[in-house]
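Working notes, beginning with the structure itself.
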Amino acid sequence: MTMESAAATAAPAVWQPQAVREAYLFKRRWGPGGTYVSGGTLLRTRWEPGLERMPSHLIHLGAVRGIAGVKPMPDRLAVGSQTTLAACGSEPLLRESFPLLAEAARAIASPSVRQLATLGGNVMSAIGDALPALLLYDAELVWYGKDGHRAEPLADWLLRRSGPSADPHELLAYIHLPYGAARYSEDSPPAQQTGRRPKRFAAYRKVGRREAFTPSVVTVAVSGELAADGRYYGVRLAAGGGQTRPDRFGRLEQWLEGRPAETGTLAALHERLMEQFEPQPDAFADAAYRKRTAAHLITAVLWQAALPAGEEEAACS
Ligand SMILES: Cc1cc2nc3c(=O)[nH]c(=O)nc-3n(C[C@H](O)[C@H](O)[C@H](O)COP(=O)(O)OP(=O)(O)OC[C@H]3O[C@@H](n4cnc5c(N)ncnc54)[C@H](O)[C@@H]3O)c2cc1C
């Protein structure tokens, strides 16, 4: 089929570019009449119930070389946008250095959907359940556009999404995860000053409408350190879920720095989370429920981290 005859038929034409540039040129050529398709699992939830019309040209990215899988670089891990969620959940390099992302991937949809669904598609949805974990790790998006590749912090893209885009046809090629993010804080006093060992903690929590295979109501990602002096350092907090734009709580992270792990700190943290988290309500859960759930989940992770060794598991069960 030629490009011209494809445009004239009612059924969509499916294009299978082999290279990133070829895919991008297809998208530029078809404009709003063409769409990138990775796993197609999110797109089909829009097309099948008639929420959106299927465009005339589907640009399937599955055959594009070099943008699937995980590649270690000196200071970061490059995750190709075509990496499936199933692969993200089991990939040893991700599980070792970015465990919350692997855990988030394993909590999305069902095993069969995860075989098709990609990390790139999850990011591009702008509300995907992988996003709080990616924000926690200071992920960068690497786009391919008219000037070749360019990198942009994920947090910046989530903020600018509602504004005009310089190039609406850009293709997400990679997600970069810097190794330094979410490591020990330099402010934390070393163990030899106090004789106690610092404790790292990290958790991803998803609350859905039922136990498994469910869209999220709230997702949170938390990491940090309970230092030898009994204070929190380097805490990172992110939340999203449902239709909510995921976000980091930067001001709260600063406020927590060096605070003692005690009830007063956790009560004040809970109160501030209730003020600062701005979730979107939907037919299943209102904003107040989502706020409370996120505040409970995050505070519980910090509380569990402060329990004496051996008691954390009992508190979780
Ligand atoms: C039964 C079911 C359950 C689900 N449960 C969840 C869940 O629990 N949590 C969750 O987060 N999601 C869930 N989803 C939604 C979806 O499966 C995931 O968000 C998935 O990661 C989307 O990836 P995909 O590759 O299928 O994206 P696609 O559907 O192929 O694409 C999604 C969007 O991204 C664009 N796009 C894709 N790749 C690129 C690229 N490289 N560059 C630029 N644009 C691109 C597409 O044009 C489209 O707009 C569920 C879906 C189904 C069907």
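The values are calculated or read from the model by the stated rules, or taken from the named source; none is laboratory data. Being a predicted model, the structure only gives us computed values, none of them experimental. All Cβ positions, glycine included, derive from the backbone under ideal geometry; neighbour counts span all protein chains shown. Side chains are part of the model used for accessible areas, which takes the heavy atoms of the whole protein and leaves out ligands, DNA and RNA. Shrake-Rupley method; radii C 1.70, N 1.55, O 1.52, S 1.80 Å.
Of note:
- Per-bin percent of Cα-Cα distances, the chain [10 Å]: 6, 25, 32, 22, 10, 4, 1, 0
- Residues of type lysines that LYS146 reaches as a straight line, Cα spacing below 25 Å, ignoring anything fewer than 8 places off in the same chain: LYS27, LYS71
- Rh by Kirkwood over Cα pairs, then Stokes-Einstein D for region 70-181 at 1.567 mPa s and 4 °C, µm²/s: 92
- HN-Hα J in Hz across region 283-299 - Karplus 6.51, -1.76, 1.60, θ = phi - 60°, x for Gly and Pro: 5, 9, 8, 7, 5, 5, 5, 5, 4, 4, 5, 4, 5, 4, 4, 5, 4
- Exposed GluC sites (Glu not before Pro) absent - longest run of the chain, DSSP non-H/G/I/E/B, at most 16 other C-beta within 10 Å: 53-185
- Loop-resident sites, region 232-293, for chymotrypsin sites (Phe, Trp or Tyr not before Pro), counting at most 15 other Cβ within 10 Å (DSSP): PHE284
- For region 12-60, the convex hull drawn through the C-alpha positions has a volume of 63 cubic angstrom per residue.
- Under 26 Å from LYS291, Cα to Cα: lysines that are on another chain or at least 8 residues apart: LYS206
- Take the Cα of ALA283, step 7 Å toward its Cβ, do the same at ARG53, and the gap between the two points is 2.5 nm.
- Top positive-direction residue, dipole computed over region 12-60 with Cβ charges, set LEU51, PRO12, LEU25: LEU25
- log10 of Debye I(q)/I(0), alpha-carbon scatterers only, for region 189-316 at 0.11, 0.19, 0.23 Å⁻¹: -0.39, -1.03, -1.36
- Accessible area per residue, Å², region 215-281 with all protein chains present, probe 1.4 Å: 39
- Cβ-placed point charges (K, R +1; D, E -1), dipole of region 21-147 about Cα centre in debye, nearest 20: 520
- Note on LYS199: no lysines have a C-alpha under 20 Å away, same-chain residues under 8 apart excluded.
- Table column - 3J(HN,Hα) (Hz), region 220-232, Karplus curve with 6.51, -1.76, 1.60, x for Gly and Pro: 9, 10, 9, 8, x, 9, 9, 7, 4, 8, x, 10, 7
- Karplus-derived HN-Hα couplings along region 46-54 (A = 6.51, B = -1.76, C = 1.60, θ = phi - 60°), whole Hz, x at Gly and Pro: 8, 6, 4, x, x, 6, 9, 7, 5
- Of all accessible heavy-atom area on the chain, the percent that carbon and sulfur account for (1.4 Å): 52
- Accessible area expressed per residue, region 70-181, with surrounding protein chains retained (probe 1.4 Å, Å²): 40
- Expected 222 nm ellipticity per residue - DSSP helices of 4 or more, -39500 (n - 2.57), all of the chain, to 500: -10000 deg cm²/dmol
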